[in-house]
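> Take a look at this one; I'll ask things after.
The values are calculated or read from the model by the stated rules, or taken from the named source; none is laboratory data. Keep in mind the model is a prediction, meaning the values are calculated, not measured. Every residue, glycine among them, receives a Cβ derived from its backbone with ideal geometry; neighbour counts consider all protein chains shown. Please note that ligands, DNA and RNA were not included when accessible areas were found on the heavy atoms of the full protein model with its side chains. Shrake-Rupley method; radii C 1.70, N 1.55, O 1.52, S 1.80 Å.
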Amino acid sequence: MEPLPGGWQLVEMEWLPGPEWRQLSDLLGAELDQALAAVRAALESAHGATGMVHGDVRPPNCLVRCDAGSGWHVRFVDFEWAGREGESTYPCFLNPDVPWPEGVGYKNLLQRAHDFQLLAASTASHGVGKPGVARSLSTAARERCATALHRAASGGLYRRGVGAGWRQSAAKFRYC
């Protein structure tokens, strides 16, 4: 990341083409176990090297590729609200279908332990393949906003900023 004028951040991305790169949520059995060990090691390395916390380390946000000669390669995606441990906080929209660890909540501080706990909870036999777990947080937030908008179509809702949430003058819906 590189800071730009106006408070923007330049993020350089890598193209990860399928079918060689797959979501961790697409794997099963021994293949999942092997890839999961590589994901844990990569996460520990990333935490140590950067001091950053991802905040949403679930199988859909872990892309993996296996090479016969070099083993598993791991890339993390969906850094919508990643940040420095002890400084950055969780957003107001947390998908209620995700098995969030204790201590995760709106304005609570991001912690490395949460990344590992969420990965473990969402890859347990009850997590992978469970409806809703694979949805991204932004998808869940958009769905909730759309539902709120539909219910209050005549209530004077308006949008404030990209991804900012919905607000109604009667305070039935609040901007987060």
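> On the full set of protein chains, 1.4 Å probe, figure out the accessible area of residue 31 and give it in Å² to the nearest 10.
Accessible surface of residue 31 is approximately 70 Å².
> Give me the number: length gained by fully extending residue 107 to residue 45, i.e. 0.36 nm times residue separation minus the C-alpha to C-alpha distance, one decimal in nm.
In short, 19.7 nm is gained.
> Whole Å is fine, so just give me how far the alpha carbon centre of the range 1-38 lies from that of the range 68-97.
What the calculation gives is 9 Å, centre to centre.
> Hey, another quick one. May I ask for the net charge around residue 46, where only other residues with Cβ less than 12 Å from the Cβ of residue 46 are counted and Lys, Arg are +1 while Asp, Glu are -1?
Counting the neighbours of residue 46, the net charge comes to 0.
> Just to check, using Stokes-Einstein with a Kirkwood Rh over alpha carbon pairs, what's the diffusion coefficient of the range 1-132 at 10 °C and 1.306 mPa s in µm²/s?
Translational D for this selection: 101 µm²/s.
> Oh, and also: Can you list the HN-Hα couplings for the range 6-12, worked out from phi with the Karplus curve (6.51, -1.76, 1.60; θ = phi - 60°), rounded to whole Hz and with x for Gly and Pro?
x, x, 7, 10, 8, 10, 8
> Another question, then. What percentage of all Cα-Cα pairs in the range 49-127 are separated by more than 20 Å?
33
> For the residue pair residue 4 and residue 120, what label-to-label distance in nm results when each label sits 7 Å from Cα along the Cα-to-beta-carbon direction?
About 3.9 nm separates the two model spin labels.
> How much solvent-accessible surface does residue 33 expose, in Å² to the nearest 10, with a 1.4 Å probe and all protein chains in place?
Approximately 100 Å² of residue 33 is accessible to the 1.4 Å probe.
> Out of residues 5 or more away from residue 89 or on other chains, whose amide H comes under 5 Å of its own, with H placed 1.01 Å from N in the peptide plane?
When sequence neighbours closer than 5 places are left aside, the close amide H contacts are 110.
> Additional query: Return the carbon/sulfur percentage of the accessible area of the range 1-124, one whole number, probe 1.4 Å, all protein chains in place.
55
> Ignoring ligands and nucleic acids, what accessible area does residue 100 show with a 1.4 Å probe (Å², nearest 10)?
Taking all protein chains as shown, residue 100 has close to 50 Å².
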